[in-house]
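Trainee: The structure that follows is given in the form of structure tokens.
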Amino acid sequence: MIDIKKYLTTIGILIAILILGTAIINIFISSLVNIFGLLINILVLSIIIIIIFSTIVTYNIIKDKKVSSSLMKINLKIANLLFNPVIFIASSIGIPKNEMRKIYVKLNNSYIYSNKYNFNPEDIMILIPHCVQKNSCKLKVTNKIENCAKCGLCNVSDLVKLKEKTGINIFIATGGTLARKVIIENKPKAVIAVACERDLTSGIQDMKHIPVLGIFNKRPNGPCVDTFIDIREVEDAINFLTNKK
């Protein structure tokens, strides 16, 4: 569940900081050339207007209201620029960073779903975190997913069946570095990534040249231990990218 109120609170504080900073600057430069102060005020006002515009678009996207693909694209670029300040402010006032990351992934996914694709299955890569494998399992599936014994105690067996059914490349990565390496080596045209909020956000930001659909993993036992995947979400993403729905 995405809490838009926490995002709006963070944005409100960011705007307040900008206004306060501008007021302080105006006090210190009051004795300088007026044109310099005017330029600063215009710059800050422009930034605030851009932030308000982005916030309105973001709110509509989170509430699943109709937003054009072009506006989503512009807003996603703004969200990238605002991401670090928003994360810093949210953390400073006690709002979990993951709340902001969920919104970013939602903005990214909504933009991708607003477009149309028709990729071949072999052009799509699915990246899965290693924590989806049962922690007590002794089989090594990070190099080859087919090593799975299909015992059914974790989602890896479901992923093997999905690979056999669709022909899509599925990789289980031990971390972000390996995931990026796999993408660079295989050069997919699209990626479906399953991970936690932090890894999904960083991965999407790193892979700006191809569409990356992010799916949150489920963590009933906490982070990085015996997580699981809603296979239906993965199949829906495949069907969308291959234009089967």
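Trainee: Quick test of the membrane-span-like rule: which DSSP H helices of the chain reach at least 27 Å along their long axis (C-alpha atoms) with mean Kyte hydropathy at least -1.0?
Mentor: Working: long enough: 4-28 (36 Å, 1.86); 34-62 (42 Å, 2.34); 69-92 (33 Å, 1.06).
Within the chain the helices that satisfy the rule are 4-28, 34-62, 69-92.
Trainee: What do the square roots of 5 times the Cα gyration tensor eigenvalues come to for the stretch 42-114, in whole Å, largest first, as semi-axes of the equivalent ellipsoid?
Mentor: On the way: eigenvalues 78, 58, 18 Å².
Listed largest to smallest, the semi-axes of the stretch 42-114 are 20, 17, 10 Å.
Trainee: Between the alpha-carbon centers of the stretch 202-245 and the stretch 98-125, tell me the distance in whole angstrom.
Mentor: If we compute the Cα centre of each part, the gap is 9 Å.
Trainee: Would you mind computing Rg(Cα) / (2.2 N^0.38 Å) for the chain, counting N as its residues?
Mentor: Working: Rg = 21.4 Å, N = 245, 2.2 N^0.38 = 17.8 Å.
Against the compact-globule rule of thumb, the ratio is 1.20.
Trainee: Choose one answer from Leu139, Leu38, Leu159: the residue with the largest mean-square fluctuation in a GNM of the chain with alpha-carbon springs under 10 Å.
Mentor: With Cα springs under 10 Å in the chain, the top fluctuation among Leu139, Leu38, Leu159 is at Leu38.
Trainee: Once ligands and nucleic acids are excluded and a 1.4 Å probe is used, how much of Glu235 is accessible, expressed in Å² to the nearest 10?
Mentor: 60
Trainee: Find the percent of Cα-Cα distances in the stretch 139-217 that exceed 18 Å, and round it to a whole number. Intermediate results must be reported in sequence, preceding the final value.
Mentor: Values: 1329 of 3081 pairs.
Percent of Cα pairs beyond 18 Å in the stretch 139-217: 43.
Trainee: Just need the Rg to Rh number for the stretch 93-230, please, alpha carbons only, Kirkwood Rh. Intermediate values should be presented prior to the final figure.
Mentor: Details: Rg = 14.9 Å, Rh = 15.6 Å.
Rounded to two decimals, Rg over Rh is 0.96.
Trainee: For Lys140, what accessible area in Å² do you get when you roll a 1.4 Å probe over the heavy atoms of the protein chains, rounding to the nearest 10?
Mentor: 120
Trainee: Per residue, how big is the convex hull around the C-alpha atoms of the stretch 187-232? Give it to me in cubic angstrom, could you? Each step should come with its number before you reach the end.
Mentor: Numbers: hull volume 3.7 nm³, N = 46.
Enclosed volume per residue, from the Cα hull, is 81 Å³.
Trainee: Would you calculate the volume per residue, in Å³, of the smallest convex hull containing every Cα atom of the stretch 1-126?
Mentor: Values: hull volume 16.7 nm³, N = 126.
Per residue, the Cα convex hull of the stretch 1-126 comes to 132 Å³.
Trainee: Continuing with this model, one more query. Keeping all protein chains in position, work out how much accessible area Val225 exposes to a 1.4 Å probe, and write it in Å² to the nearest 10.
Mentor: Roughly 60 Å² of Val225 is accessible to a 1.4 Å probe.
Trainee: Taking only pairs that are 8 or more places apart or on different chains, how many Lys pairs in the stretch 32-155 have Cα atoms under 18 angstrom apart?
Mentor: So the count of such lysine pairs works out to 19.
Trainee: Work out the charge dipole of the chain with +1 on the Cβ of Lys and Arg and -1 on the Cβ of Asp and Glu about the Cα centre, then indicate which of Leu81, Val57, Ile19 is farthest towards its positive end.
Mentor: The residue sitting most towards the positive pole is Val57.
Trainee: So, by mean Cβ neighbours within 10 angstrom, what's the order for 149-156, 104-111 with the highest one leading? Show your work: numbers first, answer last.
Mentor: Numbers: 149-156: 16.1, 104-111: 20.8.
By packing density, highest mean first, the sequence is 104-111, 149-156.
The values are calculated or read from the model by the stated rules, or taken from the named source; none is laboratory data. Please read these numbers as outputs of a predicted model, since none were measured by experiment. Positions of Cβ are generated from backbone atoms using ideal geometry, with glycine treated the same way; all protein chains shown enter the neighbour counts. Note: areas computed on protein heavy atoms with side chains; ligands, DNA, RNA excluded. Shrake-Rupley method; radii C 1.70, N 1.55, O 1.52, S 1.80 Å.
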